[in-house]
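The block underneath contains the structure these notes are about, expressed in structure tokens.
The values are calculated or read from the model by the stated rules, or taken from the named source; none is laboratory data. Because the structure is predicted, anything quoted here is derived from the model rather than measured. Neighbour counts are summed over all protein chains in view; Cβ atoms, including those assigned to glycine, are modelled from backbone coordinates with ideal geometry. Note: areas computed on protein heavy atoms with side chains; ligands, DNA, RNA excluded. Shrake-Rupley method; radii C 1.70, N 1.55, O 1.52, S 1.80 Å.
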Amino acid sequence: MNPPVRALVAAPTVDAARQIMERIAAHLSRVVQGKEAQARLTVTSVVAGGHVLLEDVPGVGKTTLAEALARACGLSFSRIQFTADLMPTDILGSQVFHAASATFTFRQGPLFRQLVLADELNRAPPRTQSALLEGMAHGQVSLDGATWPLPAPFTVVATQNPVDLTGTYPLPDSQLDRFLMRLSLGHPAPDVEARLLTTRGRTPPVEALEAVTGPEELLSLRAFAAELRMDDAVAEYIVRLAQATREHGDIERGASTRAVLAVGGAARAQALWEGRDFVTPGDVRAVLVPCLAHRLMLRSNVQGAVAREEASHLLEELARKVVAPR
């Protein structure tokens with residue numbers, strides 16, 4: 001039996017934070033096997049207070065990963081299936097008229113959950129996609145002159161099919177920029193697929209997961225991670241990396257200031273995996289590609305998997321060239 005995790009609320013420590021993160025990642029790896037690196041990055045993103053975009057072909061475990069994350073963290077959960085005819089009010093909610101009292105009341109939509117799975121986000125047109133923007137940026141929904149807060153902690157995990165598939169709408173830059181990380185799962189290794197065939201029972205494994213933490217603990221963990229020490233030299237290193245993307249000849253538009261802040265926040269959460277209360281250049285490099293690759297506009301104008309790979313290679317090249325502090 002796992003030891004209690006409530007102590008994290010009262011007195012956060014690096015060791016307690018790392019234990020929580022390891023338990024969450026272990027739960028994710030139980031249901032999405034062979035993807036430990038992606039599980040850890042997903043946890044890093046959530047601890048940093050960010051949203052996650054999972055981009056890959058159908059059927060590799062994107063939806064399962066999101067459901068497992070909600071269960072492991074003890075969060076309320078909703079799944080929104082994005083389609084071409086989905087309307088913004090189907091996500092946000094709407095005003096309902098009551099004839100008896102001649103009044104309107106707001107009926108909350110599925111966005112009013114702590115973890116929202118936006119499944120196949122790029123199947124919906126841009127107008128519907130944009131319904132997520134305010135919630136992702138500010139944790140609230142504004143409609144008909146009124147504003148309603150979303151439950152905290154609020155996280156969106158979106159799945160996206162490759163943009164070269166029929167019936168998809170590429171996410172606009174403003175939407176992509178709201179995701180702290182973009183990850184790809186890929187197909188599992190042959191031995192993992194074989195093991196799934198022999199061990200998978202009638203009950204989906206995600207339904208057997210129990211919470212290892214809760215909303216209050218996660219909020220405390222986020223606040224603790226945000227206060228980890230970052231020396232001026234490391235902060236300047238992040239800025240120099242961002243500046244290198246802006247000056248690279250193959251990149252039309254480099255990292256924005258929001259992207260710089262995203263890398264800093266993710267690097268702080270990454271430091272907890274190593275049991276440290278301070279950020280190192282290694283933490284920055286560990287999150288650089290998942291935090292920045294989807295934010296770059298390349299001069300080649302390639303899309304889909306090719307763009308993702310090219311952007312990743314460019315960032316890895318810059319990480320080798322930009323001198324890190326010692």
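Asp56: without any contact (Cβ under 8 Å) to a residue 40 or more places away in the chain and of a type in the set (D, E, K, R), yes or no? For Asp56, the condition - without any contact (Cβ under 8 Å) to a residue 40 or more places away in the chain and of a type in the set (D, E, K, R) - is not met.
The condition (being modelled with pLDDT of 95 or more, among the charged types (D, E, K, R) and open to solvent by 30 Å² or more (accessible area, probe 1.4 Å)) is satisfied by just one residue among Arg40, Arg30: Arg40. Considering only the stretch 2-23, state which residues are farther than 13 Å from Ala269 by Cβ, modelled with pLDDT of 90 or more and touching a helix residue (DSSP H, G or I) at 6+ places or on another chain (Cβ under 6 Å). Across the stretch 2-23, the qualifying residue is only Ala16.
Considering only residues of the stretch 189-210 that are assigned to a loop (DSSP other than H, G, I, E, B) and open to solvent by less than 60 Å² (accessible area, probe 1.4 Å), which is modelled with the lowest pLDDT? By that ranking, first place goes to Gly201. Of all residues being part of a helix (DSSP H, G or I) and surrounded by fewer than 19 Cβ atoms within 10 Å (Cβ to Cβ) in the stretch 274-304, which is farthest from the chain's Cα centre (by Cα)? Just the residue, please. Of everything passing the filter in the stretch 274-304, Gly282 is farthest from the chain's Cα centre (by Cα).
Can you name the residue in the stretch 170-188 that is closer than 22 Å to Thr44 by Cβ and part of a loop (DSSP other than H, G, I, E, B) and is also most open to solvent (accessible area, probe 1.4 Å) among such residues? Steps first, answer last, please.
Applying the first criterion (closer than 22 Å to Thr44 by Cβ) to the stretch 170-188 yields 171, 175-186, 188.
Add one more test, that the residue is part of a loop (DSSP other than H, G, I, E, B), and what stays is 171, 177-178, 184-186, 188.
Details: Leu171: 17, Asp177: 26, Arg178: 74, Ser184: 40, Leu185: 8, Gly186: 21, Pro188: 30 Å².
Among residues in the stretch 170-188 that are closer than 22 Å to Thr44 by Cβ and part of a loop (DSSP other than H, G, I, E, B), the one most open to solvent (accessible area, probe 1.4 Å) is Arg178.
Could you grab me the full set of residues in the stretch 47-88 that are part of a helix (DSSP H, G or I) and hydroxyl-bearing (Ser, Thr, Tyr)? Those that are part of a helix (DSSP H, G or I) and hydroxyl-bearing (Ser, Thr, Tyr): Thr63, Thr64.
Count, please, the residues in the stretch 227-253 that happen to be in a helix (DSSP H, G or I), open to solvent by 20 Å² or more (accessible area, probe 1.4 Å) and free of Cβ contacts under 8 Å to residues at least 60 places away in the same chain. Matching residues across the stretch 227-253 total 6. Selection of the stretch 254-273 for residues being in contact (Cβ under 8 Å) with a residue 40 or more places away in the chain, part of a helix (DSSP H, G or I) and open to solvent by less than 50 Å² (accessible area, probe 1.4 Å) yields Ala259, Ala262, Gly265, Ala266, Ala269, Gln270, Ala271, Leu272, Trp273. Only a single item in (1) at pLDDT 90 or above; (2) assigned to a loop (DSSP other than H, G, I, E, B) is not met by Leu132, and it is number (2). The single condition among (1) over 24 Å from Pro215 (Cα atoms); (2) open to solvent by 60 Å² or more (accessible area, probe 1.4 Å) that Arg79 does not meet is (1).
For the residues Gln95, Gln81, the requirement of being of a type outside the set (Asp, Glu) and under 27 Å from Ala307 (Cβ atoms) singles out Gln81.
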